[in-house]
Every structure is written in structure tokens, then in C-alpha cells.
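> After the C-alpha cells below, expect a handful of questions from me.
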Amino acid sequence: MKNIIKFNKIKTYLSELVNNQSHNTSIECLVFIESWISYNELFKVHAFKNYNSIVKGRGTNVSGGGIAIFIKKEYSYREILCEFNADYESVLLEILKNGKSIHLLAIYRIPNGNMDNFLIMAGDYIHKLIVI
């Protein structure tokens with residue numbers, strides 16, 4: 001529950017920034033790595049107004065980690081890949097608007113994870129993005 005409180009504080013700050021008309025700011029996408037939102041807390045996370053949310057956690061009995069992505073509702077997206085293991089966490093999305101697409105890769109190396117496995121995976125992802 002403590003993590004939800006911290007997340008809600010960030011949400012309040014960013015909502016004020018996004019909704020403040022005096023700023024000429026357009027935040028299209030927000031990405032949080034190591035969000036610390038557990039599987040049991042996922043249902044408590046409410047998206048920012050006018051944003052779709054993609055929230056991934058490590059599992060029921062694991063603390064730490066997690067990826068949360070918020071994309072403006074005017075964009076459509078599809079999840080290409082989502083991997084969580086002992087070495088890294090990653091989510092790859094294709095974001096679409098007006099017939100154009102970009103790819104977003106959110107990736108986090110777990111501190112105790114195997115660096116070689118992480119680097120191999122990162123290289124594979126970069127290769128996939130070049131081929132796409």
C-alpha cells in the first residue's frame with residue numbers, strides 16, 4: 001500500500017503539470033521503471049486522465065520491479081513483447097497515430113541479474129527494432 005501512496009503523489013504532481021494550461025507542455029507518454037507496484041496492487045492503479053495505462057508487475061510474492069506506461073488516449077498501441085525474469089524486465093510497444101508508428105521499449109536490468117543475459121537480450125531487442 002505504501003507504494004500506491006507514493007505512486008499517487010507522483011500522479012498528483014504530473015496531473016497538475018499535464019492539466020496546467022499555463023505550461024506549453026504536451027506529455028504524450030510516461031514510463032516508470034521499477035514502479036514497485038505488486039501484482040495485488042495493480043487493480044488499484046488508476047490511469048492519468050486522458051491516458052491509457054499498461055502496468056506490469058513481477059508477481060504476487062515479489063517486491064520491487066515493475067513497469068508502468070501511460071500513453072495519451074489519442075494514440076493506439078499494441079503490446080509486442082513483455083518479459084519478466086530474474087535478469088531483466090521489459091515491455092515493447094508499438095504506438096500508432098495518424099498512420100505512423102513508433103516503438104517504445106521500457107527495459108530494466110535487475111541489480112542481481114546476470115549482466116551477460118541482459119546484454120544478449122538488449123542486443124536481440126535492438127535487432128528486432130531494426131528489422132521491424
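> Across region 116-126, which residue is farthest from the chain's Cα centre (by Cα) among those that are free of Cβ contacts under 8 Å to residues at least 12 places away in the same chain and farther than 22 Å from CYS29 by Cβ? Reasoning before the result, please.
If we filter region 116-126 for residues that are free of Cβ contacts under 8 Å to residues at least 12 places away in the same chain, which is where we start, we get 116, 119-120, 123-124, 126.
Imposing the further condition that a residue be farther than 22 Å from CYS29 by Cβ reduces the set to 116, 119-120, 123-124.
Details: ASP116: 23, LEU119: 20, ILE120: 21, GLY123: 20, ASP124: 19 Å.
The extreme case among them is ASP116.
> Now, a different point. Please go through (1) modelled with pLDDT of 90 or more; (2) under 13 Å from the mean Cα position of the chain (by Cα) for TYR75 and return the number of the only condition it doesn't satisfy.
(2)
> Sticking with this one: Quick one: how many residues across region 62-103 are surrounded by fewer than 17 Cβ atoms within 10 Å (Cβ to Cβ) and in a strand (DSSP E or B)?
Here the count works out to 14.
The values are calculated or read from the model by the stated rules, or taken from the named source; none is laboratory data. All values derive from a computational prediction rather than experimental measurement. We place every Cβ from the backbone using ideal geometry, glycine too, and count neighbours over all the protein chains shown.
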